[in-house]
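Participant: Here's a structure for you.
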Amino acid sequence: MAVDQSVIGTELSPTRLVVDAGRLRFFAKSIGETNPIFTDLDAAKAAGHSALPVPPTFLLAIELDRPDPFDWVSDLGIDLRHVLHGEQRFAYQSQAYAGDELIARPKIVDVYAKKGGALEFVVKDTSVVRPDGERVADLKSVLVVRHPEVQQ
Amino acid sequence: MTSDIRAEVGTELAPLKLAGISRTTLALFAGASGDHNPIHIDIDVAQSAGLADVFAHGMLSMAYLGRILTNWVSPESIREYGVRFAAVTPVNSEPTARGRIVALDTVDGEARATLSLSVTLADGTVTLSGDAVVAL
């Protein structure tokens with residue numbers, strides 16, 4: 001089923017997350033991180049940081065901090081099992097640290113098809129900011145939706 | 001921990017070779033990253049979609065590439081970081097993350113390096129290709 005172009009411009013629910021040190025240590029463990037600045041406050045301070053720094057790709061977790069972070073995918077008529085992550089970009093404006101409250105504001109910015117509709121692409125831009133509006137990063141996610149039922 | 005490699009075009013960052021990505025790693029990454037999509041952690045869901053098994057989150061490999069960046073420079077020095085996910089990463093595969101400096105320039109008075117990034121599996125499959133811009 002083709003995604004309706006009218007969804008372009010739709011703003012998804014914003015999320016807020018206070019990034020805590022325990023969550024960052026859990027993330028570090030899950031990616032096998034061995035650089036102590038991401039897990040050990042003393043090492044982080046020795047490297048000039050005020051707290052544990054947020055690693056570069058963790059910022060995507062802000063917008064996933066909802067009970068059902070993929071409900072908008074289902075709302076578009078997309079079967080989540082057929083979704084692949086196609087591209088991901090981050091442009092950073094300021095470094096985030098443990099203890100920071102971060103707000104993610106995602107928005108669907110494009111939808112297009114390739115291969116006669118067998119593949120659809122949904123592009124989502126997310127701005128991550130602090131409560132005072134200071135920008136932390138801009139994220140761009142491209143999701144690829146496979147439509148195995150479409151004959152090429 | 002930040003390594004003192006010289007910033008010259010062609011310089012390779014220290015590669016990061018991972019042991020096989022276990023199901024435990026996928027479960028931990030699902031929890032830590034907030035991406036609970038069952039296609040990565042529940043073989044029943046994967047098989048219901050016609051797949052033989054679960055596969056790793058693309059963001060896990062992007063995080064591995066992020067590790068080689070932050071082994072080189074401090075995280076606040078990263079200006080941009082992007083990847084294209086070219087192939088799925090099967091469970092138990094062994095990725096290697098690599099980065100190479102491809103350009104040096106100065107933007108708004110700040111010296112910057114542009115890197116070409118990739119993740120490959122043991123069989124040579126390129127799963128991610130990307131780029132990053134870091135301040136020096």
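Participant: Helix-only mean residue ellipticity at 222 nm, chain A, DSSP H runs n ≥ 4 weighted -39,500 (n - 2.57), per residue, nearest 500. What is it?
Facilitator: That comes out to -4000 deg cm²/dmol.
Participant: Continuing with the same structure: Quick one: which residues, 5 or more positions from residue B:127 or on another chain, have an amide H under 5 Å from its amide H? H modelled 1.01 Å from N in the peptide plane, none for Pro or chain starts.
Facilitator: Hits under the 5 Å cutoff: B:119, B:120, B:121.
Participant: Next up: Read phi for every residue in region A:133-144 and hand back ³J(HN,Hα) as whole Hz from Karplus 6.51 cos²θ - 1.76 cosθ + 1.60, θ = phi - 60°, with x for Gly and Pro.
Facilitator: Per residue, the Karplus-derived 3J(HN,Hα) values read x, 4, 7, 9, 6, 10, 10, 10, 10, 10, 9, 10 Hz.
Participant: Which of the lysines could be linked to residue A:107 by a straight reach, that is with a Cα gap under 24 Å, when you skip same-chain ones fewer than 8 residues away?
Facilitator: Straight-distance partners of residue A:107: A:124, A:140.
Participant: On the Cα set of chain B, report Rg and Dmax in Å, please.
Facilitator: Cα radius of gyration and Dmax of chain B are 16.4, 54 Å respectively.
Participant: Send over the per residue convex hull volume for chain A, Cα only, as a whole number of Å³.
Facilitator: Spelled out: Cα convex hull of chain A, divided by residues, is 120 Å³.
Participant: Let me ask something else. If the only charges are +1 at each Lys and Arg Cβ and -1 at each Asp and Glu Cβ, what is the size of the charge dipole of region B:16-135 around the Cα centre, to the nearest 20 debye?
Facilitator: 280 debye
Participant: Next question. Spelling out what I want: for every residue of region A:12-17, take phi, set θ = phi - 60°, compute 6.51 cos²θ - 1.76 cosθ + 1.60 (Karplus), and round to whole Hz; glycine and proline get x.
Facilitator: So the Karplus estimates, Gly and Pro as x, are 8, 4, x, 10, 10, 9 Hz.
Participant: Could you work out how far the C-alpha centroid of region A:33-87 sits from that of region A:113-152, in angstrom?
Facilitator: What the calculation gives is 16 Å, centre to centre.
Participant: For a quick check: with amide H placed at 1.01 Å from N, whose amide H comes under 5 Å from residue B:89's, ignoring anything fewer than 5 positions away on the same chain?
Facilitator: Under 5 Å from the amide H of residue B:89: B:56.
Participant: Sticking with this structure for a sec: Ignoring everything except DSSP H segments at least 4 long, calculate the 222 nm mean residue ellipticity for chain B; use -39,500 (n - 2.57) per segment, divide by total residues, nearest 500.
Facilitator: So the helix-based figure for chain B works out to -7000 deg cm²/dmol.
Participant: Enumerate the aspartates and glutamates that residue B:17 could reach by cross-link, defined here as Cα to Cα under 16 Å, with residues fewer than 8 away along the same chain left out.
Facilitator: A:33, B:94, B:123
Participant: Still on this structure: With the contact rule set at Cα under 8 Å and sequence spacing of 6 or more, what percent relative contact order holds for chain B?
Facilitator: Worked out over chain B, it gives 30 percent.
Participant: With θ taken as phi - 60° and the coefficients 6.51, -1.76 and 1.60, list the Karplus ³J(HN,Hα) couplings across region A:78-94 in order, rounded to whole Hz; mark glycine and proline as x.
Facilitator: Per-residue couplings from phi come out as 9, 7, 4, 5, 9, 9, 10, 7, x, 8, 8, 10, 10, 10, 9, 10, 8 Hz.
Participant: Hey, can you grab everything whose amide H is under 5 Å from the amide H of residue A:10? Only 5+ residues off in sequence or another chain; H modelled, so Pro and N-termini drop out.
Facilitator: A:108
FYI, it's all coordinate maths here, none of it is from the lab. Everything quoted here is computed from the prediction, not taken from an experiment. Using ideal geometry, Cβ is built from the backbone for each residue, glycine included, and neighbour counts are taken over all protein chains shown.
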